[in-house]
Amino acid sequence: MQAAPPRLALGLVADVQFADAEDGHDFGGCRRRYYRHSLRLLREAVREWAGESPPVGLVLQLGDCIDGQNALRGEAESALQRVLEVLGQLSVPVHHAWGNHELYNFSRARLARSGLYSRAAAGSHGPADPECHAYHCSPAPRLRLVVLDSYDTSTLGRDPGSPRCQESLRLLREKNHNDDLNSPEGLKEPHFVAFNGGFSQAQLDWFDEVLKFSDENQEKVIVMAHVPIHPSASNGVCLAWNYEAALSVIHAHGCVVCVLAGHLHDGAYCQDSHGVHHLTLEGLIETPPESNAFGTMYVYEDKLVLKGRGRIPDRVMHF
């Protein structure tokens with residue numbers, strides 16, 4: 001008997017962090033970053049996705065597609081355009097998560113008018129706040145994709161004098177007493193750093209309603225965000241501020257099968273106590289030029305099968 005074909009194939013990539021700059025290092029000075037080569041590796045990924053059989057139905061770009069240094073170099077717009085041109089060679093939808101590096105380069109208002117505002121292309125099925133880049137869509141029967149905005153509560157990308165930014169700063173300073181708010185040194189909760197963010201209550205309430213609908217309609221749900229929401233799919237630092245609240249919403253329902261994230265360039269994986277798979281993708285930016293870091297995920301009735309390239313391992317996730 002011939003095996004049933006996958007219901008959908010998804011292209012996955014995270015942390016391209018392109019800049020037209022010489023190679024550099026991470027903030028700790030230990031990890032090499034290949035700023036120019038990341039775009040070449042993305043082109044390789046796009047070429048492979050375009051030729052896949054069964055064909056890829058959509059691509060998930062998990063955030064940080066350009067590097068923060070573009071803002072300092074005055075090249076934010078041109079860098080973003082170059083990444084979007086590469087992804088634009090695909091004939092399928094691309095769904096974008098917003099990461100901290102997007103918000104180093106652009107305000108939320110500007111991102112909402114950019115090619116990274118995939119919420120608009122999906123029909124704006126999102127929270128009432130149009131600058132909250134969360135939304136949902138159904139790319140195949142009985143399958144729903146939910147994109148979360150893990151910087152909805154954040155000091156990044158907002159007017160420093162705005163109430164939302166001030167409240168985020170108050171929360172951050174309550175948890176982080178370091179002069180450098182990007183430093184987790186000595187913190188009881190080391191994920192309370194400025195390069196992370198969290199989910200507003202309004203977004204969580206909306207998320208809960210979406211999952212309720214999916215429960216009632218017997219759908220399987222794949223969630224994506226830039227920042228991981230499970231400690232075991234993280235290094236303990238790269239983790240959403242109020243990850244517990246997001247997990248509580250997910251665990252109140254039975255429909256979520258997988259949560260995809262980026263942000264942690266080493267990647268990570270766990271299956272939590274409720275059977276939900278949490279997959280954090282390795283970052284393209286720290287991938288040597290002779291390798292790569294992208295994947296194709298095949299969605300079946302009872303499992304997800306990840307075919308990884310380069311640094312990303314193959315994986316089978318049953319549900």
### Query
If you scan the stretch 101-158, which residues turn out to be free of Cβ contacts under 8 Å to residues at least 12 places away in the same chain and in contact with a Lys or Arg (Cβ under 7 Å, 6 or more places away or on another chain)?
none
### Query
For the subset of the stretch 27-58 comprising residues that are in a strand (DSSP E or B) and in contact with a helix residue (DSSP H, G or I) (Cβ under 8 Å, 6 or more places away or on another chain), which member is most open to solvent (accessible area, probe 1.4 Å)?
Arg32
### Task
From (1) under 21 Å from Gly198 (Cβ atoms); (2) surrounded by 20 or more Cβ atoms within 10 Å (Cβ to Cβ); (3) among the aliphatic types (A, V, I, L, M), pick out the condition that doesn't hold for Ala293.
(1)
### Only listed residue being open to solvent by 10 Å² or more (accessible area, probe 1.4 Å), at pLDDT 95 or above, over 16 Å from Val13 (Cβ atoms) and aliphatic (A, V, I, L, M), chosen from Val316, Val299, Val221, Val276
Val316
### Task
Filter the stretch 72-108 down to residues that are in a strand (DSSP E or B) and within 25 Å of Ala194 (Cα to Cα) and give me whichever is nearest to the chain's Cα centre (by Cα).
His96
#### Entry: Number of the exception - Arg82 against (1) modelled with pLDDT of 95 or more; (2) surrounded by fewer than 23 Cβ atoms within 10 Å (Cβ to Cβ); (3) within 26 Å of Gln166 (Cα to Cα); (4) charged (D, E, K, R)
(3)
### Summary
Selection over the stretch 176-202 where residues are farther than 18 Å from Asn100 by Cα and either touching a residue at least 40 places away in the same chain (Cβ under 8 Å) or open to solvent by 90 Å² or more (accessible area, probe 1.4 Å) (or both) yields a count of 6
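Residue check: is Asp149 touching a Phe, Trp or Tyr at 6+ places or on another chain (Cβ under 7 Å), in a loop (DSSP other than H, G, I, E, B) and either charged (D, E, K, R) or surrounded by fewer than 18 Cβ atoms within 10 Å (Cβ to Cβ) (or both)? Can you show your working first?
Values: touching a Phe, Trp or Tyr at 6+ places or on another chain (Cβ under 7 Å): yes; in a loop (DSSP other than H, G, I, E, B): yes; either charged (D, E, K, R) or surrounded by fewer than 18 Cβ atoms within 10 Å (Cβ to Cβ) (or both): yes.
Against the criterion (touching a Phe, Trp or Tyr at 6+ places or on another chain (Cβ under 7 Å), in a loop (DSSP other than H, G, I, E, B) and either charged (D, E, K, R) or surrounded by fewer than 18 Cβ atoms within 10 Å (Cβ to Cβ) (or both)), Asp149 qualifies.
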### Task
Say whether the condition of being out of contact with any helix residue (DSSP H, G or I) (no Cβ under 9 Å at 6 or more places or on another chain), open to solvent by less than 50 Å² (accessible area, probe 1.4 Å) and at pLDDT 95 or above is met by at least one residue in the stretch 60-77.
yes
### Query
If you take the residues in the stretch 1-26 that are open to solvent by 60 Å² or more (accessible area, probe 1.4 Å) and under 26 Å from Leu60 (Cβ atoms), which one is modelled with the highest pLDDT?
Pro5
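Of Val305, Val249, which residue is open to solvent by less than 30 Å² (accessible area, probe 1.4 Å), not in a loop (DSSP other than H, G, I, E, B) and not aromatic (Phe, Trp, Tyr)? Steps first, answer last, please.
Values: Val305 fails: open to solvent by less than 30 Å² (accessible area, probe 1.4 Å).
Only one candidate passes the filter, namely Val249.
So that you can scan it fast, the table gives a plain yes or no per residue for (1) under 27 Å from Val256 (Cα atoms); (2) hydroxyl-bearing (Ser, Thr, Tyr); (3) in a strand (DSSP E or B):
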site: Leu60; (1), (2), (3): yes, no, yes
site: Arg110; (1), (2), (3): no, no, no
site: Leu116; (1), (2), (3): yes, no, no
site: His125; (1), (2), (3): yes, no, no
site: His133; (1), (2), (3): yes, no, no
### Query
Of Asp205, Asp179, which residue is of a type in the set (D, E, K, R), part of a helix (DSSP H, G or I) and out of contact with any helix residue (DSSP H, G or I) (no Cβ under 7 Å at 6 or more places or on another chain)?
Asp205
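The values are calculated or read from the model by the stated rules, or taken from the named source; none is laboratory data. Note that the coordinates shown come from a computational prediction; the quantities given were computed from them, not determined experimentally. Cβ coordinates were reconstructed from backbone atoms using ideal geometry, including for glycine residues, and neighbour counts include every protein chain displayed. Note: accessible area is taken over every heavy atom of the protein model, side chains too, but ligands, DNA and RNA are not part of it. Shrake-Rupley method; radii C 1.70, N 1.55, O 1.52, S 1.80 Å.
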